[in-house]
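S.K.: Okay, here's the structure, questions in a sec.
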Amino acid sequence: MKNVSLIISLTLAAVVAATTAAAASDLQGVRFGPDKGKTRIVFDIIGAPTYAVSGDEAGNGRLVIDFQDLSVASVVMAPQRGKGHIATYQFLKRADGGTRAVMTFKTTAKIKETFLIEPSPGVAKHRLVVDLLSADKAAFLASLPSRYPDLGAVIERATAGTDDFVAPSRSQKEVNAQPLEKRVIVVDAGHGGVDPGAQGQSGTLEKHVNLKAALKLKELLEKTGRYKVVLTRESDNDPKILRSQRAELARREKLARDVGADLFISLHADALPQKAIRGGSVYTLSQEGSERSARLAKSQGDYTIYELDASEFREDKYVGEILFDIAQNATNTASSRFAEKLLGELTGVIPLLNRSHRTADLRVLLAPDVPAVLLEMAFISNAKDEANLNSKVWRARTMAAVAKAIDGYFAEHDEQRFAQNGSMETN
Ligand SMILES: [Zn+2]
């Protein structure tokens, strides 16, 4: 197993040009990032792919991805051994000229997320990412894109005779009846325990107002029935809190990864010697922070934080870096999108600093695989803001705006996924 190459990286260009007529996209390789209970599958593709995800319950389940106009070198068409949840995978030519990837599961898993990363400076490829999480077969079927329940049958007709694929025969009604899985939101009440954070003019401690806000946000989010909220601390003397500030921040970061957070929001109150300054602001990770995060990962030799198993990549540091880059690109964009949503909802609800979406090198935002923002709700050093931070009414209104931003962020996220998964419809 150790000798199985992590990247099926082939120089396809020449082969493809000779055998395929003007394909819209070329497969460069398939990579797997297995980790405890998770597997990330990455398809490296030159040219924007058009694809649809489906599957069936044969064996431990099969994941099927149909590509329109994707060229694959014949050597890759042969069955290959997978990693993590994937036992084997194979590319098949469809009767209509499309290409189908069929992946069989070694152990059952569901699709956590499917997304496409566009080329970025220095990265010419499109990267189609499928994240799998350990789950039973029913959860896998429920996790399949549900917007086009007949897609399997459409594909089946187009590919008759090419393999033994059985289309999922669930009706739209059945699909709609599947309960949606709750999003996991980690709400971090900044500071706590031995670390009081900043202090207001009339003595308010930041750690206390942060916790009250976090508890309110948890209540509002859970009331919708759409979220599972995990707090990094439940109280001021939560036994989980570590004495060393550095260790404590690392604990919170790790917690967000361990619970499979879909979003991480850290609540704080700002302070400055200039007591007149007031207003909220939102922070995401800066470029310097990203670089520091990368250095941190390398110095620890620990790529598990990118949903990857370090031992799998020790023989090839470069692979670890590529996958790190993938995780980080996706996350920074998501963090920024959420930050903008948050500011949109907070505008008119609380005073905001000018140019309030800032990037900062903040340790708590460094987990690269979880979209994260830090909200400075107000300036505890300003008398009016301090009074607001202590006001139940103000807190409820502000946290309602944050909850609305979270709703808006995921609604947009789902819409984008719908657009991607529905792309076969134009066929
Ligand atoms: Zn703080």
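S.K.: Using modelled amide H (1.01 Å from N, peptide plane; none on Pro or chain starts), what sits under 5 Å from the amide H of Gly29, excluding residues fewer than 5 places away?
M.R.: Asp44
S.K.: Express in nm, to one decimal, how much length is gained between Leu242 and Thr347 on full extension, taking 0.36 nm for each residue of separation and deducting their alpha carbon distance.
M.R.: Details: separation 105, 0.36 × 105 = 37.80 nm, distance 3.55 nm.
Residue separation times 0.36 nm, minus the Cα-Cα distance, leaves 34.3 nm.
S.K.: Can you put Leu374, Leu343 in order, fewest other beta carbons within 10 Å first? Working shown, then result.
M.R.: Numbers: Leu374 23, Leu343 19.
Ascending Cβ contact count within 10 Å gives the list Leu343, Leu374.
S.K.: Highest first, please rank the peptides 238-249, 192-203 by the mean number of other Cβ atoms sitting within 10 Å of their residues. Intermediate values should be presented prior to the final figure.
M.R.: Numbers: 238-249: 13.9, 192-203: 16.2.
So the order, starting with the most tightly packed, is 192-203, 238-249.
S.K.: Something else about it: Output ³J(HN,Hα) for segment 57-63: one whole-Hz value per residue in order, computed from phi by the Karplus curve 6.51 cos²θ - 1.76 cosθ + 1.60 with θ = phi - 60°, and x for Gly and Pro.
M.R.: Coupling constants for segment 57-63: 9, 4, x, 8, x, 10, 9 Hz.
S.K.: To continue, here is another question. Give a residue-ordered list of calculated ³J(HN,Hα) values for segment 81-91 (Karplus: 6.51 cos²θ - 1.76 cosθ + 1.60, θ = phi - 60°; whole Hz; x for Gly, Pro).
M.R.: Those phi angles translate into 7, x, 9, x, 6, 8, 7, 9, 8, 7, 9 Hz.
S.K.: Also: Say R0 is 22 Å: what FRET efficiency, to the nearest 0.05, do Thr333 and Ala411 get from their beta-carbon distance?
M.R.: 0.85
S.K.: Quick one: what are the phi-derived ³J(HN,Hα) couplings along segment 253-268, Karplus 6.51/-1.76/1.60 with θ = phi - 60°, whole Hz, x for glycine and proline?
M.R.: 4, 5, 4, 4, 6, 4, 8, x, 4, 8, 7, 10, 10, 9, 9, 9
Each value in this text was obtained by applying a stated rule to the coordinates, not by laboratory testing. This one's a predicted model, so the numbers in the text were calculated from it and none came from an experiment. So basically every Cβ, Gly included, is an ideal-geometry build from the backbone, and we count neighbours across all protein chains shown.
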